[in-house]
1. As an exercise, identify the trypsin sites (Lys or Arg not before Pro) in segment B:208-272 lying in DSSP coil whose Cβ has no more than 15 other Cβ atoms within 10 Å.
2. Modelled label-to-label distance, residue B:237 and residue B:254, 7 Å Cα→beta-carbon offset: nm?
3. So for segment A:17-134, what percent of the C-alpha to C-alpha distances run longer than 22 Å?
4. Based on other C-beta atoms within 10 Å, arrange B:115, B:95 from fewest to most.
5. Could you work out how far the C-alpha centroid of segment B:256-293 sits from that of segment B:167-236, in angstrom?
6. Once phi is turned into θ = phi - 60°, what whole-Hz ³J(HN,Hα) does the Karplus curve with 6.51, -1.76 and 1.60 give for every residue of segment B:250-257, x standing for Gly and Pro?
7. Convert each backbone phi in segment B:313-329 into a coupling constant with the Karplus relation 6.51 cos²θ - 1.76 cosθ + 1.60 (shift: θ = phi - 60°), then list the ³J(HN,Hα) values in order as whole Hz, x for Gly and Pro.
8. Loop sites only, by DSSP: take the GluC sites (Glu not before Pro) in chain B that have at most 16 other C-beta atoms within 10 Å and name the longest stretch containing none of them.
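Laboratory data are not the source of any read-out in this text; all were calculated from the coordinates shown. Computed from a prediction, not measured in an experiment: that's the story for all the values here. Cβ placement follows ideal geometry from the backbone for every residue including glycine, while neighbour counts extend to all protein chains displayed.
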Amino acid sequence: MMHPDYPLPDVDDPVMRPFWDGAREGRLMLQRDRTTGLLHWPPKPMYWKGGARLEWFVASGRGRIYSYVVAHEPFLPAFQHLLPLVLVLVEVDEGPRLVGYMVGCRPDEMAFGMRVRVVFERLTERVTLPVWGPDR
Amino acid sequence: MADVGDDLFRRIQDRVAIVGIGHLPFAKDIGRPIADTAVEAIQLALDDAGLEAEDVDGMSMFEMESTHEVSIARRLGVEGLRWWDKISYGGGASCATLMHAAAAITSGLATTVVCHRARNRGAKTSRPWAQERELVRDDKALHVPWGLVRPVDVIGMWAHRHMHEYGTRREHFGNVAIAARKHAQRNPYAMMRDRPLDMETYLAGRPIGWPLTFYDCCLETDGALACVVTSVERARDLRQRPVLLHAVAQASGSNPVHLANYNNTPAMETTSVFCAKLLWQRSALQPRDMDCAQIYDAFTPLVITGLEDYGFCRRGEGGPFTEGGRLELDGALPVLTSGGGLAEAYVHGFNLILEGVRQIRGTSVNQVPDCKATLVTGASGVATSAAVLRVA
């Protein structure tokens, strides 16, 4: 049961919408520039530089732990049941670093560079959160 | 981007001075609204300068201030307010209040500007991160929905990576906490006076956002502080020895995300890197010329990365730089000589400006002998600001 005060994202944000739509359907979506091949994270608005340069694509959903923090009390009530919560910065194989948290992994199992894969955590009918688990 | 490095900026360099400072005693619960404490702090700063409210025509403050300029002006008796400004990004705004004041004064938009910060954060319910309710939008949607909300965790992410990449140790963070606490012992206003800290206690601190623990975190304080800025010409006739604003800068860095900007270039360098570059370009003085430094210390690792960012040591050397008491009063580079946010009070770094002024005046409780120049910095991670203060 999701806590009533959970800080839900605005999934209708015009820039982020493809990311949240993808997550709801079990896909990790990222954005790249067709012209340069460079990825943009955080993503840019689709009208950027006259439009037509950007596209969203399905990412591998795999990456490595770039950094992490183990959160203890006092914390937000909505996350209380997850403490100690392992907050992570994942460098996905495509390049960008995404904020997330770990599931199925104890704090003492964490390591820099460890392989992780995306896991989809459904919070509401509209909001699914991409989180991370060990890529065993 | 054109390098504005900066002929324009010579119009500001050493052209304005901080001529008055004032603050209320810091407290866990100050018992008064900031609309009231702000005004008193400004009054104290004007008294210190030997100026009257009627002399003030400009106001520069933090965007987070809930008090209106006109309310402050009315209560103080400022008659001819003709320029004001509010600067965003919390602790990133501290030195920017000085920069904007300097720009207004040197361009003729104002003659005498009061800058201030009044903040009631002592109460636990006042923490912004404990008040997320609405849908999370824009930048915050990139990290808040996963629970990366508390600044300690956001900064912990940088700090842990720094440890991994450069071998920085918790003892290095401890050296920062202990230096700040040591300096607080002689400061009658410091919240942590009479509460010294040793390494054993530091290392046993309870985890908050591991690897950061209790003693890595700044205080939460109610406080109100202000300073008065005017032209060097006017400053000559005033009561105090003027403290020159030698150089000042404001920068947001590349690809910024409010506080959790982990995808900037170069990777994982904080906003301070960009601010430092501008600052030293604009300054005839360089890091080696600083007799002490007031480096923003919301969390201990920010001082270590700050030392690197502002060029006191190379990238990755900030940890070892803290060894051997180097940051303490008799060390090579005393930092946070009032105790800073870690041990004096956490008021978004405005107390670091006041301590910088006292060091240049020669009136600090931890006076660095013959202090001719000092660096004051704003919060790393957010869009930030920094200043070099020097003797006239």
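1. Those that pass, being in a loop and sparsely packed, are B:236, B:239.
2. In this crude spin-label approximation the distance works out to 5.0 nm.
3. Pairs farther apart than 22 Å: 40 percent.
4. Ranking B:115, B:95 by Cβ neighbours within 10 Å, fewest first, gives B:115, B:95.
5. 21
6. Along segment B:250-257, the couplings run 9, 7, 10, x, 9, 6, x, 10 Hz.
7. Rounded to whole hertz, the list is 7, 7, 3, x, 9, x, x, x, 4, 7, 6, x, x, 4, 8, 8, 3.
8. No qualifying site falls inside B:135-316, the longest such stretch.
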